[in-house]
Amino acid sequence: MNRMHDELNPVLYYHNVPHVLDVLSAAESIGKAENISNADMELLKVAALYHDSGFVVNADNHEKLGCDIAVSALPEFGFTEQEVEVICGLILATRVPQSPSGLLEKIICDADLDYLGRDDFFSIGNKIFREFMARNIVANEQQWNELQVKFLSVHNYFTNTSIRLRATKKEEHLKQVRQILLNSK
């Protein structure tokens, strides 16, 4: 966390320490609701903490870079090769488009995009918009909203917990962003 705090590009308004802590909290909450073991919870939480650490190196392929960081750092904390392999699998599962296999991968994917079905969707979305503008991923708000509609249209939650708690609100957000696009024409 210190490395991310010190080394992340300041234009990463979303992919930063608060996002990582948000994903950690969501992963823990979903993991508890899905009744995972304490051992699995530890691996899940570590993966959540490392899932965007690759951004300190480069935004492109940051999941693989984060896995590399985890591989080099985690043995110093007593993690076995097998545990590090599971953690890397969890980190890599967050790559979009997500296609998780197994419950832990489903949990981390849902935790990473938990905000899509929460009340803070638009405030978090504004951070992503500012980041995408700074990184030249989108040129204006119109492109951003078009991108959001595409993303929300294809996104699905994977765990029963997230489907129950977040899917309906996410669909409401999709309708709202579509309406914003209609009103801007």
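Each value in this text was obtained by applying a stated rule to the coordinates, not by laboratory testing. The structure presented is a predicted model; accordingly, all values stated were derived computationally and were not measured. All Cβ positions, glycine included, derive from the backbone under ideal geometry; neighbour counts span all protein chains shown.
A cut-off under 14 angstrom between Cβ atoms defines the neighbours of residue 11, and their net charge, with Lys, Arg +1 and Asp, Glu -1, is +1. 3J(HN,Hα) along the stretch 16-29: 8, 4, x, 5, 4, 5, 5, 5, 4, 4, 5, 4, 5, 5 Hz, from the Karplus curve 6.51 cos²θ - 1.76 cosθ + 1.60 with θ = phi - 60°, whole Hz, x for Gly and Pro. Counting beta carbons within 10 Å around each of 106, 169, 127 and listing the fewest first gives the order 169, 127, 106. Computed 3J(HN,Hα) for the stretch 74-87, one whole-Hz value per residue from the Karplus formula 6.51 cos²θ - 1.76 cosθ + 1.60 where θ = phi - 60°, is 5, x, 5, 9, x, 6, 6, 4, 5, 5, 5, 5, 5, 4, glycine and proline marked x.
Go through 106/185; 127/170; 64/175 and tell me which ones have a Cα-Cα distance over 28 Å in this structure.
Values: 106/185 37 Å; 127/170 18 Å; 64/175 34 Å.
Long pairs (Cα-Cα over 28 Å): 106/185; 64/175.
Toward the positive end of the charge dipole of the chain, with +1 on the Cβ of Lys and Arg and -1 on the Cβ of Asp and Glu, the farthest Cα among 12, 128, 87 is that of 128. Model label sites at residue 82 and residue 178, defined 7 Å from Cα along the beta-carbon direction, differ in position by 4.8 nm. Measuring r between the beta carbons of residue 143 and residue 9 and using R0 = 22 Å, the FRET efficiency lands at 0.55. The angle between the Cα long axis of helix 38-50 and the main principal axis of the chain comes to about 60°, on a 0 to 90 degree scale.
Placing unit charges on the Cβ atoms of the charged side chains and taking the dipole of the chain about its Cα centre, the candidate lying farthest along the positive direction among 37, 160, 138 is 138. Think of each Lys and Arg Cβ as +1 and each Asp and Glu Cβ as -1; about the Cα centre, that makes the dipole of the chain roughly 920 debye.
The label-point distance for residue 136 and residue 33, in a model that sets each label 7 Å from Cα toward Cβ, rounds to 4.0 nm. Using a 4.7 Å Cβ-Cβ cutoff, the cysteines of the chain lacking any partner cysteine are 109.
Taking P(r) over Cα pairs in 10 Å bins from 0, in percent as calculated from this structure, the corresponding entry among (i) 9, 32, 31, 15, 7, 4, 1, 0; (ii) 9, 38, 41, 12, 0; (iii) 10, 36, 36, 15, 3, 0 is (iii).
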